[in-house]
Ligand code: AAO
């Protein structure tokens with residue numbers, strides 16, 4: 001399950017957090033396909049609880065009511081249409097599946113009209129009843145909730161923030177969950193982000209994944225398994241380890257974003273990135289999905305704190321450029337919406353804000369500006385030139401190693417990827433003014449950070465690599481984008 005199943009030559013996904021299915025279909029055709037993205041992580045596609053207090057927070061989608069494909073992102077017909085259109089332009093869809101639990105307490109109806117009652121554990125839309133949930137015989141925390149992350153039994157058998165915990169040891173529950181995932185596979189999704197995987201026993205996940213079909217041969221080669229990455233937060237200090245899950249499928253690497261933030265905020269000199277990877281206490285590159293921030297920690301959820309986000313755009317772009325230039329891990333670019341942060345005593349009081357919406361609370365579509373960036377409240381980091389051009393860089397240098405490492409002994413670094421690409425990052429307080437070995441063939445290259453290569457011309461800075469592979473770089477420490485990246489795809 002660890003093979004990303006991207007179309008050939010594509011190596012990065014983007015999380016289009018809270019996007020509508022109709023917008024994603026359009027985005028695949030107009031942008032993600034042409035600009036070389038492998039795929040999209042989508043918000044949970046199944047029916048969820050409608051939360052009105054606060055009014056329609058993003059997190060209502062992490063409270064399943066049934067496995068019907070009806071949400072604020074769209075109808076089942078729109079979902080099917082999106083998957084088909086994206087696959088046709090070689091862009092994969094990865095569904096966020098919430099299978100550890102159903103809703104919290106209270107009753108009402110979901111986005112698809114199904115009734116639920118978290119008090120009596122009744123979910124007729126599946127159907128699940130009280131027999132299908134962990135109870136006092138499995139969970140010994142007293143109030144039924146998780147408090148002690150150092151007790152693996154409690155983390156897996158009790159309730160995560162009071163969310164009703166499914167009894168995944170039961171065949172019936174495994175079957176219902178596998179049916180849901182197989183329905184998505186049959187429609188044409190390429191894989192899954194498995195929410196709260198740490199809160200399920202590895203053996204139970206193995207059993208569920210063992211029931212999954214191969215991918216739909218309308219879009220994929222026969223015999224291909226879905227790509228699975230499990231959300232396991234392992235910062236090193238708790239009883240549950242990511243290593244319990246990596247033999248099953250990939251895991252999300254949360255150490256990555258914290259360490260990278262430390263570097264690009266200047267607290268840990270970039271020169272140390274020379275041995276970035278497993279030497280930093282992180283899992284094997286083939287076992288992880290890596291990202292600078294995610295939908296939780298960018299707003300202080302999930303332990304939050306400390307990561308770079310689009311709000312710190314200068315450091316964020318540097319960090320993302322490094323992530324995409326470096327071979328470690330399977331890369332995911334976060335794509336956010338804006339919200340009015342209101343930080344009181346270190347906590348954002350508005351961290352529940354849902355996506356941009358219309359008066360009837362339906363999700364507002366994104367608009368596109370002349371410079372390709374988004375409007376209507378959508379941040380669209382995946383459409384920032386400094387980011388999408390590095391997605392293309394990664395595609396071009398794939399399979400090569402880090403060579404020609406250079407640093408100034410402090411916070412400025414440079415390296416090549418084989419003889420195909422070269423990047424210089426100046427996170428220091430002085431300019432970089434240096435003649436560096438790029439490892440690239442002689443020629444004039446277009447810096448894809450400061451510009452684009454359009455109609456045979458470079459709209460940004462040109463870099464001249466001599467016959468000896470050397471080139472001169474001047475990067476002001478005051479530049480908004482103190483990065484230069486060149487590759488053989490943009491040789492003038
Ligand atoms: C909402 C309300 C709740 C209410 C509940 C039920 O906010 O007040 O009780 O409904 O009515 C999202 C939101 C939740 C929301 C939920 C359901 O974030 O606020 O609850 O939807 O609507 C743990 C899990 C991890 C989880 C994360 C949020 O392990 O799986 O919490 N992430 C996923 C999703 C997330 C979603 C859910 C799961 C639920 O991505 O969006 O919740 O489907 C430690 C542990 C982590 C733990 C964190 C937070 O980490 O290692 O495993 O994550 O704590 O509890 C420092 C910190 C340490 C932290 C660590 C790592 O060291 O000290 O606490 O960093 O970051």
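The values are calculated or read from the model by the stated rules, or taken from the named source; none is laboratory data. Owing to the predicted nature of the structure, the values given are computational and were not obtained by experimental measurement. Cβ coordinates were reconstructed from backbone atoms using ideal geometry, including for glycine residues, and neighbour counts include every protein chain displayed.
Quick notes
- Taking the stretch 226-245 as the range and being assigned to a loop (DSSP other than H, G, I, E, B) and within 21 Å of residue 211 (Cα to Cα) as the test, the residues that pass are 226, 231, 245.
- Residue 189 satisfies every condition listed in (1) loosely packed, with under 15 Cβ neighbours inside 10 Å; (2) away from the ligand (no atom under 12 Å from the Cβ) except (1).
- Within the stretch 231-245, being more than 10 Å from the ligand (Cβ to nearest atom) and either under 16 Å from residue 166 (Cβ atoms) or touching a strand residue (DSSP E or B) at 6+ places or on another chain (Cβ under 8 Å) (or both) holds for 242, 245.
- Scan of the stretch 137-150 for residues that are within 15 Å of the ligand (Cβ to nearest atom) and more than 14 Å from residue 237 (Cβ to Cβ), ordered by number: 141, 143, 144, 145, 146, 147
- The single condition among (1) surrounded by 18 or more Cβ atoms within 10 Å (Cβ to Cβ); (2) away from the ligand (no atom under 16 Å from the Cβ); (3) over 21 Å from residue 334 (Cα atoms) that residue 14 does not meet is (3).
- Residue match in the stretch 25-42 (condition: crowded, with 21+ Cβ neighbours inside 10 Å, more than 24 Å from residue 292 (Cα to Cα), modelled with pLDDT of 95 or more and touching a strand residue (DSSP E or B) at 6+ places or on another chain (Cβ under 8 Å)): no
- Checked against the criteria, residue 182 counts as over 13 Å from residue 1 (Cα atoms), away from the ligand (no atom under 16 Å from the Cβ) and not in a loop (DSSP other than H, G, I, E, B).
- Tabulated pairs, the stretch 58-75, first on the phi > 0 side of the Ramachandran plot, second within 12 Å of the ligand (Cβ to nearest atom), C-beta under 6 angstrom, 6+ apart or interchain: none
- Pick from the stretch 327-348, criterion assigned to a loop (DSSP other than H, G, I, E, B) and farther than 16 Å from residue 301 by Cβ, ranking: farthest from the chain's Cα centre (by Cα): 345
Quick grid of which residues meet (1) touching a residue at least 40 places away in the same chain (Cβ under 8 Å); (2) surrounded by 13 or more Cβ atoms within 10 Å (Cβ to Cβ); (3) touching a helix residue (DSSP H, G or I) at 6+ places or on another chain (Cβ under 9 Å); (4) at positive phi:
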{"site": "95", "(1), (2), (3), (4)": "yes, yes, yes, no"}
{"site": "105", "(1), (2), (3), (4)": "yes, no, yes, no"}
{"site": "126", "(1), (2), (3), (4)": "yes, yes, yes, no"}
{"site": "144", "(1), (2), (3), (4)": "no, yes, yes, yes"}
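- Output for the stretch 233-246, where each listed residue is surrounded by fewer than 24 Cβ atoms within 10 Å (Cβ to Cβ) and either under 18 Å from the mean Cα position of the chain (by Cα) or in contact (Cβ under 8 Å) with a residue 12 or more places away in the chain (or both): 233, 234, 235, 236, 238, 239, 240, 243, 244, 246
- Here the stretch 195-215 is the region considered, the condition is being in a loop (DSSP other than H, G, I, E, B) and free of Cβ contacts under 8 Å to residues at least 60 places away in the same chain, and the residue that is farthest from the ligand (Cβ to nearest atom) is 214.
- Residue 291, sole failed condition from (1) without any contact (Cβ under 8 Å) to a residue 24 or more places away in the chain; (2) within 13 Å of residue 254 (Cα to Cα): (1)
- Selection of the stretch 82-109 for residues being touching a strand residue (DSSP E or B) at 6+ places or on another chain (Cβ under 9 Å) and assigned to a helix (DSSP H, G or I) yields 82, 83, 86, 87.
- Residue within the stretch 162-173 that is in a helix (DSSP H, G or I) and crowded, with 20+ Cβ neighbours inside 10 Å present: yes
- Considering residues of the stretch 44-60 that are surrounded by fewer than 22 Cβ atoms within 10 Å (Cβ to Cβ) and more than 12 Å from the ligand (Cβ to nearest atom) only, the residue farthest from residue 101 (Cα to Cα): 55
- Meeting the requirement of 3 or more residues that are in contact (Cβ under 8 Å) with a residue 40 or more places away in the chain and over 23 Å from residue 263 (Cβ atoms), the strands (runs of 3 or more DSSP E) wholly within the stretch 422-492 are 443-446.
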